[in-house]
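Down below is the structure, laid out as structure tokens.
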Amino acid sequence: MKKQMNIENITQQDKEENKTGTEIGLKADTKAGGVADKEEAKTHKRYMRQALTLAKKAAAKGDVPIGCVIVYDGRVIARGYNRRNADKTTLAHAEIMAIKKASKVIGDWRLEDCTMYVTLEPCQMCAGAIVQARIPKVVIGCMNPKAGCAGSIINLLDMKQFNHQVETTRGILEEECSALMKEFFAWLRESKKDSKIEGK
């Protein structure tokens, strides 16, 4: 029997809440570069916390903990979390789920006035969907060196060959987002080890 993942003590919200954008490693990787101001950093953290809450839902269901929210006109209009294992489809990534919901709310496939917040750097499928949806801004929690396509392996969000480029901000609540991923995979390895022992 699989153990349930304990995700209660992963984040350090009280400690992080009082940090400025610079202290949490906020890097505004926009086309012009630069660092976001404190007010913007505070807004980014608020929405990223909501994405983290969704990521924990994914972890509780046995899926890789990735959460996503899409903001329009100062309010969250769509939420999504990774359900690839739960739904048994490669398409059930957090960003795709959120994009589908946001399009229904807006009434258009173009999400030109929206900002996406996602706990992990998007993969090639999700980065492509972001470009196709014409989302202008994406805020990322932690990077994904092995599969990320917003700067790690390739930056599909800022390719001049496409007719749309995306402004990205990286490193929002990076430690919390990264810790959640590490905790999940540590739990997964332990769970598989226990399953092998029980099978003997």
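The values are calculated or read from the model by the stated rules, or taken from the named source; none is laboratory data. The model shown is predicted, which means the values in this text are computed figures rather than measured ones. Note that we place each Cβ from the backbone using ideal geometry, even for glycine, and neighbour counts take in every protein chain shown. Please note that ligands, DNA and RNA were not included when accessible areas were found on the heavy atoms of the full protein model with its side chains. Shrake-Rupley method; radii C 1.70, N 1.55, O 1.52, S 1.80 Å.
A few points about this structure:
- Summed over the stretch 149-184, the residues that are part of a helix (DSSP H, G or I), without any contact (Cβ under 8 Å) to a residue 60 or more places away in the chain and of a type outside the set (D, E, K, R) give a count of 3.
- Within the stretch 99-133, the set of residues being part of a loop (DSSP other than H, G, I, E, B) and under 14 Å from the mean Cα position of the chain (by Cα) comprises GLU121, PRO122, CYS123.
- Residues in the stretch 66-77 that are buried (at least 21 other Cβ atoms within 10 Å of the Cβ) and over 9 Å from the mean Cα position of the chain (by Cα): ILE70, VAL71.
- Residue within the stretch 54-76 that is at pLDDT below 95, out of contact with any helix residue (DSSP H, G or I) (no Cβ under 7 Å at 6 or more places or on another chain) and among the acidic types (Asp, Glu) present: no
- Verdict on CYS149 being crowded, with 16+ Cβ neighbours inside 10 Å, in contact with a helix residue (DSSP H, G or I) (Cβ under 7 Å, 6 or more places away or on another chain) and at negative phi: yes
- THR20 vs. criteria at pLDDT 95 or above, open to solvent by 30 Å² or more (accessible area, probe 1.4 Å) and polar (S, T, N, Q): no
- For the stretch 84-115, taking the residues that are loosely packed, with under 15 Cβ neighbours inside 10 Å and acidic (Asp, Glu), the one that is farthest from TYR72 (Cα to Cα) is identified as ASP87.
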